[in-house]
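Reviewing the structure listed below.
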């Protein structure tokens with residue numbers, strides 16, 4: 001074997017104690033050099049020389065002895081990977097790497113007895129080394145913080161920082177605050193790139209992974225990594241109280257708890273795709289930085305596991321019984337999948353994700369179909385709402401509130417609904433069953449200026465149907481005026497909701513809003529004409545005078561007709577409802593503007609015709625201020641008995657004076673007196689004018705001189721009771 005020209009081994013180094021040689025850097029380097037030369041020799045041998053392999057050098061045996069001693073130190077527990085110095089961990093991996101190379105080069109001569117013995121011994125040592133690396137690899141992998149733990153720790157640290165700041169401020173009021181402390185805490189949380197693993201842990205994991213892969217334990221290494229990280233992801237979901245539900249379980253659940261779960265799902269899925277997955281990608285790349293294929297495969301497998309959990313939940317929700325209340329949560333899921341799946345695609349280029357992308361796309365397509373159909377069902381709900389009971393007082397109809405609030409929230413997703421309707425649009429819609437063509441005209445005008453989107457078209461159709469439905473319901477009222485109030489209430493509600501929701505106004509367009517406003521003005525005008533024109537005819541001057549003389553019987557009849565009609569209007573319309581304060585005010589102002597001036601003019605001209613006293617009170621029932629008060633009571637939705645007491649008036653010195661029913665107040669001594677007669681029983685024949693002759697203080701009862709009453713109060717009492725005993 002001398003012709004191999006191998007350098008003679010250092011006899012002194014080979015005969016020295018093995019344990020001391022491990023720490024001898026020079027000896028180890030020389031030994032590794034000899035091993036590398038022998039491996040190179042075996043590698044360069046021709047295949048024809050394989051029948052007579054070269055003699056195994058003593059360097060190989062010495063190498064095996066040293067590696068065995070090193071393994072024993074780890075097996076005894078005297079050494080742990082995380083406690084090793086850099087050069088110690090590197091030395092261990094060098095032994096693993098060279099052992100792998102030796103076994104590979106010796107495999108050609110496994111039939112040789114000497115080579116087989118070395119192969120068996122080194123394989124056993126290498127297997128023990130791999131077991132150590134696996135244990136250390138798993139131990140470090142398991143030592144992580146979940147994102148939930150980090151969030152909680154971040155909140156605790158933030159609270160401690162604030163407490164320190166408050167303490168610092170209390171101890172030194174002149175000390176400047178340090179807001180950057182909180183920012184640093186938050187930035188550190190955001191910069192946690194490796195999901196709870198420190199840089200030192202990442203470095204160790206990288207070395208251990210290299211050693212395992214080099215030692216032929218790639219599958220064991222990747223399986224360990226996959227199971228630990230899969231458990232970590234699932235633990236994250238569990239800690240955040242995200243529960244897995246099967247389709248059968250979801251079918252049996254009420255919608256309220258599902259709705260809460262969807263909100264949780266949406267938040268967690270976004271966080272998973274935008275935060276956890278990128279960090280998981282960086283972790284895999286860092287641990288397997290020299291093995292891109294392994295990193296891709298592991299990350300794809302982990303992503304598939306968790307993504308399927310999220311997609312299964314979305315599918316289970318989608319397969320629940322379809323109803324209008326589910327539209328908005330369906331939209332949330334749809335938008336979440338649409339917006340976040342592309343983020344996952346950026347991280348994974350592996351073909352293994354194709355199935356996941358297809359599953360997500362299929363779920364979103366089915367969700368879009370459900371959303372499309374649910375929205376169309378709003379149209380059906382309006383069409384089939386054929387209730388025959390009018391809303392009391394002409395108030396806003398429940399179908400109006402439901403439809404407009406539904407559209408308000410739906411239009412917050414207008415861009416998404418536009419996309420869904422473009423993808424699922426069908427045949428051009430049939431004409432409205434209600435025959436309303438005002439919206440169709442607007443739609444035609446809109447389509448001439450620019451092409452209308454499918455969602456806009458559907459929105460206008462719903463508004464057409466709602467208009468037609470309300471028009472039909474307005475005919476349930478026997479009073480035409482109440483029918484117009486009903487249309488004003490509902491029209492105003494629709495208009496206000498439209499103006500208050502930018503998305504609806506944009507979709508319907510300004511022409512539609514102007515048309516609505518115009519319709520409201522028409523209803524208002526028609527209401528005034530229907531209700532108040534006949535009343536104003538009572539105040540017409542036509543037919544009251546003959547040859548310049550007022551016909552008193554005709555005048556009496558006019559006042560009586562006015563009083564009766566006004567009483568009836570007030571009694572009826574005080575129970576009607578106009579809940580919109582601005583509309584209510586506009587109605588009252590417009591009514592006052594046409595009624596009060598006409599009444600004041602009529603009364604001012606003809607009130608002198610009547611004899612002062614009871615005749616005046618009998619026919620002139622209202623003062624202009626009373627009319628105004630009554631008008632201010634209209635549309636409050638209360639019963640007529642709840643309306644305010646109107647002011648009464650009396651004639652004094654030829655003038656009408658407003659009087660309220662006075663309190664029966666007496667000024668008397670502390671001595672109780674029950675013999676005071678009731679004012680209603682006072683017999684008096686004095687004229688109204690004679691009240692001014694009463695002394696300021698007069699005895700009311702000669703039998704009780706201690707009891708006096710102010711003459712002005714007596715005057716008021718007598719007047720009030722005289723004119724209200726008819």
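Laboratory data are not the source of any read-out in this text; all were calculated from the coordinates shown. Computed from a prediction, not measured in an experiment: that's the story for all the values here. Don't worry about glycine lacking a Cβ; one is built from the backbone with ideal geometry, like all the others, and counts go over all protein chains shown.
Some observations on this one:
- Potential extension, residue 521-residue 357 segment - 0.36 nm per residue separation minus Cα distance: 53.5 nm
- The stretch 285-378 - Rg over Rh from alpha carbon coordinates, Kirkwood radius: 1.11
- For the stretch 217-375, averaging the sequence separation of C-alpha pairs within contact (under 8 Å, six or more residues apart) and dividing by the residue count gives a relative contact order of 32 percent.
- Sorted by Cβ density within 10 Å, fewest first, the residues 225, 402, 115: 402, 115, 225
- In this rough spin-label picture, where each label sits 7 Å from Cα along the Cβ direction, the residue 423-residue 135 distance is 5.4 nm.
- Inter-label distance for residue 203 and residue 405, nm, one decimal - labels placed 7 Å from Cα along Cα-to-Cβ: 6.2 nm
- For residue 384 and residue 235, a Förster radius of 35 Å and the Cβ-Cβ distance give a FRET efficiency of 0.10, rounded to the nearest 0.05.
- Relative compactness, the stretch 233-319, computed as alpha-carbon Rg over 2.2 N^0.38 Å: 1.27
- Euclidean distance of C-alpha centroids, the stretch 313-372 and the stretch 107-131, integer Å: 54 Å
- Between residue 127 and residue 43, the FRET efficiency estimated from the beta carbon spacing at R0 = 25 angstrom works out to 0.60.
- Computed E for residue 142/residue 506 - FRET, C-beta separation, R0 51 angstrom, nearest 0.05: 0.40
- Paired Rg and Dmax values of the stretch 339-427, which use every Cα atom, in angstrom: 19.5, 67
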